[in-house]
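Before any comments, here is the structure.
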Amino acid sequence: MKSWTDALNLKERFDVVVWGPGELPLCHTKEEKKIRIKDIKKTIEVLIRLNSFFST
């Protein structure tokens, strides 16, 4: 991956995952703006479910 994430700093203390809508090779590039709305909506659904899993 050509960009940087906070996962680099956290990986020594935690298991980390870099995840989100769009395509990883386009992340933080000029082409990143081409994320499909349906991918963003799916991401929202997953994050809501994940949040409810950890908040119970």
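Every number in this text was worked out from the coordinates using simple rules, so none of it is lab data. Note that the coordinates shown come from a computational prediction; the quantities given were computed from them, not determined experimentally. Cβ atoms come from the backbone with ideal geometry, glycine included; neighbour counts cover every protein chain shown.
Karplus-based coupling profile of the stretch 32-37, in residue order and whole Hz: 4, 5, 9, 7, 6, 4, with θ = phi - 60° in 6.51 cos²θ - 1.76 cosθ + 1.60 and x standing for Gly or Pro.
Counting every C-alpha pair in the chain, the share spaced more than 15 angstrom apart comes to 62%. Between the DSSP loop rule and a limit of at most 13 other Cβ atoms within 10 Å, which GluC sites (Glu not before Pro) in the chain are left? Taking the chain and a limit of 13 other Cβ atoms within 10 Å, the loop GluC sites (Glu not before Pro) found are 12, 23.
Sequence-ordered 3J(HN,Hα) estimates for the stretch 7-17 from the Karplus curve with 6.51, -1.76 and 1.60 and θ = phi - 60° stand at 4, 4, 6, 8, 5, 6, 10, 9, 7, 10, 9 Hz, glycine and proline given as x.
Couplings 3J(HN,Hα) of the stretch 43-55, computed from phi: 4, 4, 4, 5, 5, 5, 5, 5, 4, 5, 5, 7, 9 Hz, in residue order, whole Hz [Karplus 6.51 cos²θ - 1.76 cosθ + 1.60, θ = phi - 60°; x for Gly and Pro]. Compute the relative contact order of the chain as a whole-number percentage, counting only Cα pairs closer than 8 Å that sit 6 or more residues apart in sequence. Relative contact order comes out at 28 percent. Calculated mean residue ellipticity, 222 nm, the chain: -12000 deg cm²/dmol, from DSSP H runs (n ≥ 4) at -39500 (n - 2.57) each, averaged per residue and rounded to 500. Placing unit charges on the Cβ atoms only, positive for Lys and Arg and negative for Asp and Glu, gives the chain a dipole magnitude near 260 debye about its Cα centre.
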